[in-house]
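The values are calculated or read from the model by the stated rules, or taken from the named source; none is laboratory data. Small disclaimer: the values here were computed from a predicted structure and weren't measured. Cβ placement follows ideal geometry from the backbone for every residue including glycine, while neighbour counts extend to all protein chains displayed.
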């Protein structure tokens, strides 16, 4: 399989912080790509986007879904000397912030800044980095100059980091969680179009917003679409890298395939169909157990509309919620192939209910 690397690079380098997914351009790039391979693309009131593929006249609706948003920070306070204090916008990690370069998205466009940090020589500097110790310097002399730059309370802040290939086998960059998911479902739509596969049902390819603050966009999409089946893709921790304990977090190794989850929200018959498809097509995969919530948009679809058969296929990811999130190229292809082949094995009107 040959991936659309031009789209991959453009989309992963885009910006789509929680609440600003459309405003700052990331979602727009995805929408323009999907227009090439679908009957129509729409955006809801909060910025979640969905494309319609397959038999648009069918009443049987299948969703494949990823989330578009990335973690970031918000301006919370500007002191009289022009230094900016921040709050989290999603699960941002204060410990990685010091010395990082940022864009502060003001009314006049992005303003360059840095997360300042006291030098190692300062003996009484705070030992633990937390949200109370980090701050941004945009080179302003005072609060008034910051305001003149278009920065105000509530302005969103993103790190300055670009997508790159790491060695021969890896992709790395900011916000692979979960723009890489949006890329993968778009590639599924591209394959269906280029291979001229006609699905008997109506397929919704969904790129939802606000997952990082509680699965909000997916909840809205589930209520609006009311699908019969949903397949969600997100990321999970790659646990062969240092500081993980496979016996506790599970064993998920880069290059050995996507991760199929067993969890209360995952409907077992749908999950078994995915496993059978993987086995029959010799698509590598790994297995994960989640005793409670998966922490993904799976729950938003599963527990909607009286219960929607839902499943989760995750991509092993190193260094989650950092600026150097890293994933194996083989796993990206495996997840795309598995979703694609699964869609070809779902029948219109297929009943996933348990038989007793």
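Some values worked out for this structure:
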quantity	calculated
Test: residue in the stretch 236-255 that is outside any loop (DSSP other than H, G, I, E, B), assigned by TED's automatic domain parsing to the domain that holds residue 278, surrounded by 16 or more Cβ atoms within 10 Å (Cβ to Cβ) and at pLDDT 95 or above	yes
Count of the stretch 86-99 residues which are crowded, with 17+ Cβ neighbours inside 10 Å and part of a strand (DSSP E or B)	3
Any hit, the stretch 198-211, residues being touching a strand residue (DSSP E or B) at 6+ places or on another chain (Cβ under 6 Å), closer than 25 Å to residue 75 by Cβ, at pLDDT 95 or above and not assigned by TED's automatic domain parsing to the domain that holds residue 95	yes
Counted residues, the stretch 121-173 - those being touching a helix residue (DSSP H, G or I) at 6+ places or on another chain (Cβ under 6 Å) and closer than 11 Å to residue 111 by Cβ	1
Residue pairs meeting the criteria (Cβ under 8 Å; at least 6 apart or on separate chains; first buried (at least 16 other Cβ atoms within 10 Å of the Cβ), in the stretch 52-63; second at pLDDT below 95)	54/198; 55/198
Residue check for residue 27: in a helix (DSSP H, G or I), crowded, with 19+ Cβ neighbours inside 10 Å and in contact with a helix residue (DSSP H, G or I) (Cβ under 7 Å, 6 or more places away or on another chain)	no
Condition broken by residue 284, with the remaining ones in (1) without any contact (Cβ under 8 Å) to a residue 60 or more places away in the chain; (2) crowded, with 20+ Cβ neighbours inside 10 Å; (3) within 18 Å of residue 169 (Cα to Cα) satisfied	(2)
Yes/no for residue 210 being within 30 Å of residue 352 (Cβ to Cβ) and surrounded by fewer than 22 Cβ atoms within 10 Å (Cβ to Cβ)	no
Test: residue in the stretch 309-316 that is under 11 Å from residue 266 (Cα atoms), in contact (Cβ under 8 Å) with a residue 40 or more places away in the chain, surrounded by fewer than 24 Cβ atoms within 10 Å (Cβ to Cβ) and not assigned by TED's automatic domain parsing to the domain that holds residue 92	yes
Residues located in the stretch 161-185, provided they are part of a loop (DSSP other than H, G, I, E, B), surrounded by 15 or more Cβ atoms within 10 Å (Cβ to Cβ) and over 14 Å from the mean Cα position of the chain (by Cα)	161, 163
Test for residue 106: is it surrounded by 14 or more Cβ atoms within 10 Å (Cβ to Cβ), closer than 22 Å to residue 25 by Cα and out of contact with any strand residue (DSSP E or B) (no Cβ under 6 Å at 6 or more places or on another chain)	yes
Exclusive hit being part of a loop (DSSP other than H, G, I, E, B), in contact (Cβ under 8 Å) with a residue 40 or more places away in the chain and surrounded by 24 or more Cβ atoms within 10 Å (Cβ to Cβ), set 227, 200	227
